[in-house]
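Structure provided below as structure tokens; questions to follow.
The values are calculated or read from the model by the stated rules, or taken from the named source; none is laboratory data. Source: prediction; values computed, not measured. Ideal geometry is used to build each Cβ from the backbone, glycine not excepted, and the neighbour counts take in all protein chains shown.
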């Protein structure tokens with residue numbers, strides 16, 4: 001079983017991006033988590049406006065059961081994820097060739113947690129709490145387990161199926 005936590009918002013100031021990179025790098029190192037500093041300018045492909053073609057921040061991977069916590073921001077300061085997707089061969093847009101990479105941009109990020117790992121889920125929520133308090137005051141989180149809202153650990157416990165006797 002897997003669950004996904006989506007989060008979005010805008011950082012208070014662009015100076016905060018460097019601070020969050022350094023602070024979470026230290027936290028990751030002390031905690032034994034892998035991390036990747038992000039400072040990337042994407043090449044312009046497709047019709048994405050130029051101000052959105054860069055990412056700065058950090059990606060932290062808590063363990064093998066979670067996808068990275070992506071605290072990456074676009075030039076406007078929004079939590080973002082930029083990725084490439086192949087253009088379907090049957091769609092012929094002006095200026096693109098079939099099968100070419102098309103740049104896509106999302107103004108939200110997400111982290112998936114596999115195997116109903118309650119400890120990782122709680123750690124992720126604690127990190128997001130800290131990010132909200134210190135860097136992204138308007139952070140919004142969508143957690144399909146309900147844990148972000150309730151903080152009730154029981155919602156993270158695996159559900160047992162029971163057979164009904166006839």
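From (1) touching a strand residue (DSSP E or B) at 6+ places or on another chain (Cβ under 6 Å); (2) not in a strand (DSSP E or B), pick out the condition that doesn't hold for residue 142.
The single condition residue 142 does not satisfy is (2).
Given the criterion surrounded by 17 or more Cβ atoms within 10 Å (Cβ to Cβ) and either modelled with pLDDT of 95 or more or more than 17 Å from the chain's Cα centre (by Cα) (or both), identify the matching residue among 55, 103.
Going through 55, 103 in turn, the sole match is 103.
Condition first: under 16 Å from the mean Cα position of the chain (by Cα) and either in a helix (DSSP H, G or I) or free of Cβ contacts under 8 Å to residues at least 24 places away in the same chain (or both). Now tell me which residues in the range 129-139 satisfy that. Walk me through it before giving the result.
First, pick out the residues of the range 129-139 that are under 16 Å from the mean Cα position of the chain (by Cα): 129-132, 135-136, 138-139.
Correct list: 129, 130, 131, 132.
Of 44, 40, which residue is modelled with pLDDT under 95 and either touching a helix residue (DSSP H, G or I) at 6+ places or on another chain (Cβ under 7 Å) or surrounded by 13 or more Cβ atoms within 10 Å (Cβ to Cβ) (or both)?
On the way: 40 fails: either touching a helix residue (DSSP H, G or I) at 6+ places or on another chain (Cβ under 7 Å) or surrounded by 13 or more Cβ atoms within 10 Å (Cβ to Cβ) (or both).
Only one candidate passes the filter, namely 44.
So in the range 77-91, with the set limited to residues that are at pLDDT 90 or above and part of a loop (DSSP other than H, G, I, E, B), which one is surrounded by the most Cβ atoms within 10 Å (Cβ to Cβ)?
First, the residues of the range 77-91 that are at pLDDT 90 or above: 77-80.
Okay, now just the ones that are also part of a loop (DSSP other than H, G, I, E, B), so 77, 80.
Working: 77: 17, 80: 23.
If we take residues in the range 77-91 being at pLDDT 90 or above and part of a loop (DSSP other than H, G, I, E, B), then 80 is surrounded by the most Cβ atoms within 10 Å (Cβ to Cβ).
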